[in-house]
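Some notes on the structure that comes next.
Nothing in this text is a laboratory measurement; each read-out follows from the coordinates by a stated rule. No experiment lies behind these values; they were computed from the predicted model shown. All Cβ positions, even for glycine, are placed from backbone atoms using ideal geometry, and neighbour counts span all protein chains on display.
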Amino acid sequence: MPAIDSKVGAPAVDTPPTFQASPTPRHEVTNELPHFRPVGPSLIRQRFRCWPRAVVALVVVAFALTACTANAPPPTAAQFIAEKGDPFSNLLVPKLEVSTTDGAVGVEVDSPITVSASAGVLGAVSLTNDNGRAIAGHLSPNGLTWATAEQLGYNKRYTLRAEALGLGGVAHDTTTFRTSSPENLTMPYVLPNDGEVVGVGQPVAIRFDENILDRTAAEKAITITSQPAVDGAFYWLSDREVRWRPRDYWKPGTAVVVEVNAYGVDLGDGLFGQDDVTTRFTVGDEVIATADDTTKTLTVRVNGEVVKTMPISMGKNSAPTDNGTYLIGDRYRDLVMDSSTYGVPVNSPEGYRLEVEYATQMSYSGIYVHAAPWSVGSQGRSNVSHGCLNVSTSNAQWFYDNTKRGDIVQVVNTVGPTLPGTDGLGDWNIPWDQWQAGNAVTATSRG
């Protein structure tokens, strides 16, 4: 695979090269200024205004003395100061400081590479990979610090060349280093999808493709901002999936930005983030449906107003529909429902394999609102399903067309227990105090 210098997947690990000594000594100081574009007086004043007044006075004296010397070209200020030696000459020699060392191996990629100048300002600075591609950088307004503006690739070698300009001359530095090569990488995936419009109950879900040992590090890598701002907290549903939700339902119209800055972050036991992910989503109208087993009806409210009521048949007593707050998940125009997917053989008395239309997911455990033309006679009268909400085909299509991810379904008055909060779409069944306390530190994670 060609070398990639931005964030990449797990790269092949090659043998670190032998670094050859540069023919030019590190931190070499010369009295000749390099060729560079002219600098205006205002910029010079800006860059050197922090120098000690004593140094400025010394330069003035140097020029006064050279004016009295006959039959010889006057030396430069830098030459004069260099000839005088300590204690003043060392004050005027510019110095360079780099955030890594020459020949370093295993440099982490989650922090920028920086170079700074003292007793002078930075001149030319470049950072290149082995293919000669320049890495973007940013120079501070005062000209004293340069930092990378893009992330470095894993297991790549880079060369930094920098110079500092001062009254005592020019300092040069060349630093070559290699970035870290993680043993394993994990990719984060985010819901809602970028640009999606969701319901007021939708949590932010980040799922990794590896178990996360250091949950606290993972949480610190995630930033969630909203307009208007809300208080929220993290809660882990499994070793791979963490959720974030506000204390109360989102307000319609809220704009949310999710940033998972996991690239280069140690997530425990040699596992590092493979890439960063950013998504933006918007909260749409408040849609709350209530399934009441007492009346065996499903009532749908949009922004508080009833817009639809339909008869339903829920789970029979041997397989009751759980009570509690559900979230709308995925929707399927056509779906095959197979009891063997949750441990009940198709050929058993309670087994089934059915093709259904307009299936709207309510739980990870297999509860859907879907078309059930075979049970229309029972809808509104008795419960005959295996837990799903059976409705007519026309009502199933209406529900499919008029709901979205994150809308709320509240099931009440059944003989079943409460839907577990860790089901996957039962987040709001976990009390806020428990959710806010979090579970980053567990017996299997170091937090």
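Kirkwood radius, region 308-440, all distinct C-alpha pairs, inverse of mean reciprocal distance: 15.3 Å. Can you figure out the FRET efficiency of TYR342 with ARG381, using R₀ = 30 Å and their beta-carbon distance, to the nearest 0.05? Step by step, r from the Cβ atoms, then E = 0.65. Amide H to amide H, with H built 1.01 Å from N, ALA289 comes under 5 Å of ARG301, ILE408, VAL409, GLN410, counting only residues 5 or more places away or on other chains. For a label point 7 Å from the Cα of THR282 along Cα→C-beta, name the residues of region 209-229 whose backbone N is under 14 Å from it. Residues passing the 14 Å test: 227-228. According to the Cα-based calculation, Rg over Rh for region 90-208 is 1.18, with Rh computed by the Kirkwood formula. Here each label is just a point 7 Å from Cα along the line to Cβ, and for GLN410 and VAL197 those points are 2.4 nm apart. Extension gain for ASN131-TYR352 works out to 73.5 nm (0.36 nm per residue, less the C-alpha to C-alpha distance). A cut-off under 9 angstrom between Cβ atoms defines the neighbours of VAL411, and their net charge, with Lys, Arg +1 and Asp, Glu -1, is -3.
Assuming a ≥ b ≥ c are the square roots of the Cα gyration tensor eigenvalues, decide whether region 251-361 counts as rounded (a/c under 1.5), prolate (otherwise, with a/b larger than b/c) or oblate.
oblate
In this structure, the residue pairs whose Cα-Cα separation is over 22 Å, taken from LYS296/LYS316; LYS95/LYS156; LYS251/LYS404, are LYS95/LYS156.
Looking at region 88-157, the GluC sites (Glu not before Pro) that sit in a DSSP loop and have at most 15 other Cβ atoms within 10 Å of their own Cβ are GLU108, GLU150. Proximity of backbone amide H atoms, modeled 1.01 Å from N, is registered between ALA124 and GLU163 at under 5 Å, excluding neighbours fewer than 5 places apart on the same chain.
If the only charges are +1 at each Lys and Arg Cβ and -1 at each Asp and Glu Cβ, what is the size of the charge dipole of region 287-416 around the Cα centre, to the nearest 20 debye? Please list the in-between numbers first.
Values: 10 positive and 12 negative charges, 34 e Å.
Dipole of region 287-416, to the nearest 20 debye: 160 debye.
For GLU108 and ALA229, calculate 0.36 nm times their separation in residues minus their Cα-Cα distance, and state this gained length in nm to one decimal. Please list the in-between numbers first.
Details: separation 121, 0.36 × 121 = 43.56 nm, distance 3.32 nm.
Computed gain between GLU108 and ALA229 is 40.2 nm.
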